[in-house]
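**Q** Pasting a structure here, questions to come.
Every read-out reported here was derived from the displayed coordinates using simple, explicitly stated rules and does not represent laboratory data. Fair warning: this is a prediction, and the values are worked out from it, not measured in the lab. Quick reminder, even Gly has a Cβ in these numbers, built from the backbone with ideal geometry, and neighbours come from all protein chains shown.
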Amino acid sequence: MRRSVGNKFIGRRFFKTIVMFPEYINQLFYLVGEAVILLALLILILSIIVSMLVLYSFKTGNFFAARYMLLGIVLLENVITTLFWITRVDDSIVDDVGVRLRNYINNKEFLKTPCAMRFIFMPQCVRSTECPAKLTPEGIKCVNCGRCNVGEAQKYAESLGYRFFIVPGSSFIKRIIKKYRPRAIVGVGCHMEIKEGLDLCHRHGIPARGVLLLKAGCVATTLDWELFYEAIKEKEPHA
Ligand code: SF4
């Protein structure tokens, strides 16, 4: 009994020691608390605004304050996708608009670059599963066997002046950029590859254009080939 009274007494003293901060510390905690709540509110409001802009762009194909919007998507991506998830809206729209937005921002510089100075990076997963092409230091070398659309696409792209690479792995693009310094790039891939590729090009100051796969995966992926041809054919209106 005496022991428990003693424990209570020690506990109370300990508690007093813990909670009795000088007044300025209490003020500081209060200010920090207020700042955290304000910051959280600000992030939420900005995320709602950017989410609405994303939906607007997805529906209309127009972009409002494109650079700020892209900054918003990059910084607030997790909160925005959570908001989409909560409201049961397909959150892949965020990635889709992100890629289109980057393409839109790069468009002017990309079109200024002649086709002969542009490179194409095609993912190897879009080939036929029975592809006979061999791996070389310059990527997988298509022999246009006719088993998939890559051979024809390469032939057409090269007739426009492009250099065409079939990418065997993730470090390949970095190596080719370092080696040949292309002036503009068209990259095909899934959302993640396109996002990383466009960011890589941005770091190297290369205007790039991403073309999303219709069905992503490790093998037998599909591509909207019409969309791809449109993306590589486009030139500056008066070029
Ligand atoms: S067309 Fe080229 S990429 Fe396609 S399967 Fe034949 S060799 Fe492979």
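Here's the yes/no breakdown for (1) of a type in the set (Val, Ile, Thr); (2) surrounded by fewer than 18 Cβ atoms within 10 Å (Cβ to Cβ); (3) over 23 Å from LYS108 (Cα atoms):
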{"residue": "ILE176", "(1), (2), (3)": "yes, no, yes"}
{"residue": "ALA184", "(1), (2), (3)": "no, no, no"}
{"residue": "LEU198", "(1), (2), (3)": "no, no, no"}
{"residue": "HIS202", "(1), (2), (3)": "no, yes, no"}
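**Q** Note down all Cβ pairs under 7 Å where the first residue falls in segment 123-139 and is acidic (Asp, Glu), the second is in a loop (DSSP other than H, G, I, E, B), and they're at least six residues apart or on different chains.
**A** Between residues of segment 123-139 that are acidic (Asp, Glu) and residues that are in a loop (DSSP other than H, G, I, E, B), the close pairs are GLU130/ARG147.
**Q** Still on this structure, please answer the following. Name the residues in segment 192-239 that are of a type in the set (Asp, Glu) and touching a strand residue (DSSP E or B) at 6+ places or on another chain (Cβ under 8 Å), would you?
**A** Of everything in segment 192-239, those that are of a type in the set (Asp, Glu) and touching a strand residue (DSSP E or B) at 6+ places or on another chain (Cβ under 8 Å) turn out to be GLU193, ASP224.
**Q** Which of the following residues is over 30 Å from ASP91 (Cβ atoms) and not aliphatic (A, V, I, L, M): ARG183, ARG102?
**A** ARG183
**Q** Output the residues belonging to segment 20-53 that are among the polar types (S, T, N, Q) and more than 36 Å from the chain's Cα centre (by Cα).
**A** ASN26, GLN27
**Q** May I ask you to say which residue of TYR68, TYR24, TYR30, TYR56 is of a type in the set (Phe, Trp, Tyr) and surrounded by 15 or more Cβ atoms within 10 Å (Cβ to Cβ)?
**A** Being of a type in the set (Phe, Trp, Tyr) and surrounded by 15 or more Cβ atoms within 10 Å (Cβ to Cβ) holds for just one of TYR68, TYR24, TYR30, TYR56, which is TYR56.
**Q** May I pose another question? Enumerate the pairs (first residue in segment 29-46 and within 15 Å of GLY72 (Cα to Cα); second residue anywhere and part of a helix (DSSP H, G or I) and not polar (S, T, N, Q)) with beta-carbon separation below 8 Å, excluding pairs fewer than 6 apart on the same chain, so at least 6 apart or on different chains.
**A** If the second residue must be part of a helix (DSSP H, G or I) and not polar (S, T, N, Q), the pairs left are ILE43/LEU76; ILE43/VAL79; LEU44/VAL79; LEU46/GLY72; LEU46/LEU76.
Yes/no matrix, rows are residues, columns are (1) crowded, with 18+ Cβ neighbours inside 10 Å; (2) more than 16 Å from the ligand (Cβ to nearest atom):
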residue: ASN149; (1), (2): no, no
residue: SER171; (1), (2): no, yes
residue: LYS179; (1), (2): no, yes
residue: VAL188; (1), (2): yes, no
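**Q** Does ASN106 meet the test of being away from the ligand (no atom under 16 Å from the Cβ), of a type in the set (S, T, N, Q), assigned to a helix (DSSP H, G or I) and in contact (Cβ under 8 Å) with a residue 12 or more places away in the chain?
**A** yes
**Q** Is it the case that segment 80-97 has a residue that's of a type outside the set (Gly, Ala, Ser) and within 16 Å of the ligand (Cβ to nearest atom)?
**A** Looking through segment 80-97, none of the residues is of a type outside the set (Gly, Ala, Ser) and within 16 Å of the ligand (Cβ to nearest atom).
**Q** Here's something else I'd like to know. Exactly one condition in (1) crowded, with 16+ Cβ neighbours inside 10 Å; (2) farther than 27 Å from VAL94 by Cβ is not met by ALA208; state its number.
**A** (2)
**Q** Considering only segment 116-135, how many residues are more than 9 Å from the ligand (Cβ to nearest atom), closer than 22 Å to HIS191 by Cα and assigned to a helix (DSSP H, G or I)?
**A** The number of residues fulfilling the criteria is 1.
**Q** Taking only pairs six or more apart or across chains, which ones have beta-carbon atoms under 9 Å, a first residue in segment 70-92 that is farther than 17 Å from TYR56 by Cα and touching a residue at least 60 places away in the same chain (Cβ under 8 Å), and a second residue that is of a type outside the set (Lys, Arg) and part of a helix (DSSP H, G or I)?
**A** Hits for this filter: zero, empty list.
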